[in-house]
Amino acid sequence: MIKIDPTYVPEPIERKQVFGIIFEQGRNEIKLDDDTLFENMPTQNKTFTPEAKRDLIIALITLKYTQSNSVCYVKDGQAIGIGAGQQSRIHCTRLAGNKADIWWLRQHPKVMNLPFVDNIRRADRDNTIDVYISEDHDDVLRDGTWQQFFKTQPEVLTMEEKKAWIAQNTKVALGSDAFFPFGDNIERAHKSGVEFIAQAGGSVRDDNVIETCDKYNIAMAFTGVRLFHH
């Protein structure tokens, strides 16, 4: 067991040596539960519910400790999709959005009522669900295979059913560790039920991002804070 002194205060300057060169930067001590982070709201919708503020704070805390570039989707107090370490902000948004969609699809009634065999291992059950809701569903539903996982052969979860279910996801919060450069990020976020956004702001195309938020009545705050250190 590793123990730490609860009174320990780290040095305010962090140092890293790379091939004989020493880099210095101030330690990331940003306070993320400060309501002033959400005061600058350039969108027409300027309302964050208490639950939305809680979820946005969770998103920002998560982003502080992930690899840039990063975005994080949060719903009901838990992170449901994280896209980290991508070269493009839209790639982060798509990756995290796909994860959020999978999280939501796992709660579809067809998934919740899958007739798993008795004593199936948790890992096998989870992996089977992931395949079942994917385009490769035949890998667990074909004759000779489904018997390994199910008592009876389940019906396919169709693409139309998946789209209809994803459309029911609402009140999702989205945080970004830096600014969104274009409105395409908002378009993708909207598809996964995002209604609240917190991001740094400061893009030359902030107007396009704001306009896209207004198109979907999304409430967005410019925090003015970049959350990643290198």
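The values are calculated or read from the model by the stated rules, or taken from the named source; none is laboratory data. As the structure is a prediction and not an experimental result, all values here were calculated from the model. A quick note on method: Cβ atoms are made from the backbone with ideal geometry, for glycine too, and the neighbour counts reach across all protein chains shown. The area values use the complete protein model at the heavy-atom level, side chains included, leaving out ligands, DNA and RNA. Shrake-Rupley method; radii C 1.70, N 1.55, O 1.52, S 1.80 Å.
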Exercise for the section: In debye, nearest 20, what is the charge dipole magnitude of the chain about its Cα centre with +1 on Lys and Arg Cβ and -1 on Asp and Glu Cβ, if you could check? Expected result: 240 debye
Completion exercise
So for R0 = 30 Å, FRET eff. of Arg122-Glu51 from the Cβ-Cβ r, to 0.05, ends up at 0.50
Practice task
Evaluate the relative contact order of the chain (contact order divided by residue number), counting alpha-carbon pairs under 8 angstrom at least 6 apart; express in whole percent.
Solution key: 24 percent
Handout entry: Proximal charge balance of Phe48 [Cβ under 14 Å; K/R count +1, D/E count -1]
Key = -3
Problem - Dimensions (Å) - the chain, Cα atoms, principal axes, largest first - result: 60, 51, 35
Handout entry: Under the Karplus curve 6.51 cos²θ - 1.76 cosθ + 1.60, θ = phi - 60°, whole-Hz ³J(HN,Hα) for region 65-74, x wherever Gly or Pro sits
Key = 10, 10, 6, 6, 6, 8, 9, 9, 9, 9
Practice task
Order these peptides, 177-188, 136-147, by their mean beta-carbon neighbour count within 10 angstrom, highest first.
Solution key: 177-188, 136-147
Fill in the blank from the handout: Asserting the computed 222 nm helical MRE of the chain (DSSP H runs at least 4 long, -39500 (n - 2.57) per run, divided by residue count, to nearest 500) equals -9500 deg cm²/dmol
Problem - C-alpha center-to-center spacing [region 1-77, region 124-203] in angstrom - result: 26 Å
Practice task
First compute the accessible area of the chain with a 1.4 Å probe, then give the percent of it belonging to carbon and sulfur atoms.
Solution key: 51 percent
Practice task
Quick one: grab the alpha carbon gyration tensor of region 22-108, order the square roots of its eigenvalues as a ≥ b ≥ c, and give me rounded if a/c is under 1.5, else prolate or oblate depending on whether a/b is larger than b/c.
Solution key: oblate
Problem - Calculated from backbone phi, Karplus (6.51, -1.76, 1.60) coupling profile of region 43-60 in Hz, x at Gly/Pro - result: 7, 5, 7, 10, 10, 9, 5, x, 5, 5, 4, 4, 5, 5, 5, 4, 4, 5
Exercise for the section: Just the number, please: percent antiparallel of the DSSP beta bridges in region 88-226, rounded to the nearest 5. Expected result: 10 percent
Problem - Per residue, in Å², the accessible surface of region 167-230 once ligands and nucleic acids are set aside, probe 1.4 Å - result: 41 Å²
Problem - Estimated distance in nm for a label pair at Asp138 and Gln78, the labels positioned 7 Å out from Cα along Cα-to-Cβ - result: 3.3 nm
Completion exercise
For region 84-163, dividing by residue count, accessible area per residue (probe 1.4 Å) in Å² works out to 61 Å²
Exercise for the section: Leaving ligands, DNA and RNA out of it, rank Thr47, Thr7 by accessible area with a 1.4 Å probe, largest first. Expected result: Thr7, Thr47
Problem - Karplus-derived HN-Hα couplings along region 3-20 (A = 6.51, B = -1.76, C = 1.60, θ = phi - 60°), whole Hz, x at Gly and Pro - result: 10, 10, 5, x, 8, 5, 10, x, 4, x, 10, 9, 10, 9, 9, 10, 6, x
Problem - Nearest-20 debye value, region 84-190 charge dipole, Cβ charges on Lys, Arg, Asp, Glu - result: 380 debye
Practice task
Using R₀ = 30 Å, calculate the FRET efficiency as 1/(1 + (r/R₀)^6) where r is the Cβ-Cβ separation of Val18 and Tyr65; round to 0.05.
Solution key: 0.90
Exercise for the section: Towards the positive end of the charge dipole of region 1-61, with charges on Cβ (+1 Lys, Arg; -1 Asp, Glu), say which of Asn45, Gly20, Thr7 has the farthest Cα. Expected result: Gly20
Problem - Over 26 Å (Cα to Cα) - which of Lys64/Lys171; Lys151/Lys191; Lys31/Lys75; Lys31/Lys53 fall in this group - result: Lys151/Lys191
Handout entry: Nonlocal amide H pairs with Gly81, under 5 Å, H built at 1.01 Å
Key = Tyr73
Exercise for the section: Find how much the distance from Glu161 to Asp184 grows on full extension, using 0.36 nm per residue of separation minus their present alpha carbon separation; answer in nm with one decimal. Expected result: 5.8 nm
